[in-house]
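All remarks here apply to the structure that follows.
The values are calculated or read from the model by the stated rules, or taken from the named source; none is laboratory data. Just so we're clear, the structure is a prediction, and the values are computed from it rather than from any experiment. Cβ: placed from backbone, ideal geometry, glycine included. Neighbour counts: every protein chain shown.
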Amino acid sequence: MEGNLVENRDYTLIIDKSDSMHINDQPGGKSRWEAAFESTLALAKKCEEIDPDGITVYLFSGRFRRYDNVTSEKVTQIYEENEPMGRSKLAEVLQDALENYFERKAAGEAKPNGETMLIITDGDPDDRKAVMRLIIEATQLIERDEELGISFIQVGKDKKATAYLKALDDQLQSAGAKFDIVDTVPMDKMENMSLTDVLLNALID
C-alpha cells in the first residue's frame with residue numbers, strides 16, 4: 001500500500017529563493033540555497049522514478065516562476081538561472097500550485113493518487129495567515145486526506161520559522177481544516193530519512 005501511495009501521483013516542488021537563503025549555516029559551510037539545491041536534485045531524481053513525466057518546480061521570493069515537466073538534469077539549469085533575493089511571499093505561489101492541481105483534477109488530468117507538494121524553505125513567510133487559510137480551503141475540496149500532501153522541509157535553524165511550521169502541522173484541524181494534510185521536516189532530520197520516507201511522510205504522517 002505504501003509504495004502504491006507514492007506512485008501514480010504528481011509531485012510539485014516549491015523552493016524559497018528569498019534573500020535569507022544566502023545565509024551560510026548548513027553543514028560544511030554551505031548556504032541554505034546550496035543545501036536546497038542538493039535536496040531538490042535528490043528529490044527530483046526520486047520523483048522521476050515514480051513520476052516519469054517530470055515534476056513541477058516553482059521558485060518564489062516576492063514573485064514566483066513555474067517550470068513544468070522538470071527532470072533532474074533541468075534542476076541544475078533552474079538553479080543556475082536564479083539566485084536568492086527579495087522577500088518570502090509563499091501564499092501567491094501556493095495558491096497557484098493548488099489551483100493548478102484542482103484545475104487538472106476537474107479536467108480529469110490529475111494522477112489517480114493525487115499530488116504531493118514539497119516546500120523547501122527557511123520557513124518564515126511574510127503572509128503567514130494567508131498560507132494557513134489557503135491550506136484550510138484546499139482541505140475542503142478533497143475527498144480523502146492522502147489525496148493532497150504538503151510537506152515543509154525547513155532549511156536553517158530559525159526558531160520562529162520552526163514554531164510557525166509546527167503550528168501549521170499541529171493546529172490545522174482546530175483552525176477548521178477537514179484533514180491534516182501538512183507535515184514538516186527539519187533539514188537535519190531529512191538527512192537520516194530516505195527520500196521515499198520523506199515523500200511517504202508527506203502523505204501518512
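Tabulated values for the structure
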read-out	value
Number of positions in region 12-32 that are outside any helix (DSSP H, G or I) and out of contact with any Gly (no Cβ under 9 Å at 6 or more places or on another chain)	7
Filtered residues of region 130-178 (kept if of a type in the set (Lys, Arg), modelled with pLDDT under 90 and in contact with a helix residue (DSSP H, G or I) (Cβ under 9 Å, 6 or more places away or on another chain))	Lys157
Of residues in region 149-173 being of a type in the set (S, T, N, Q) and in contact (Cβ under 8 Å) with a residue 12 or more places away in the chain, the one farthest from Met117 (Cα to Cα)	Thr162
For Thr162: the one exception among (1) in a helix (DSSP H, G or I); (2) within 15 Å of Lys17 (Cα to Cα); (3) of a type in the set (Val, Ile, Thr)	(2)
Count of region 10-28 residues which are modelled with pLDDT under 85 and of a type outside the set (Asp, Glu)	3
Residues located in region 13-47, provided they are among the β-branched types (Val, Ile, Thr) and under 15 Å from the mean Cα position of the chain (by Cα)	Ile14, Ile15, Thr40
Any chance Ile119 is at negative phi, at pLDDT 85 or above, among the aliphatic types (A, V, I, L, M) and in contact with a Phe, Trp or Tyr (Cβ under 7 Å, 6 or more places away or on another chain)	yes
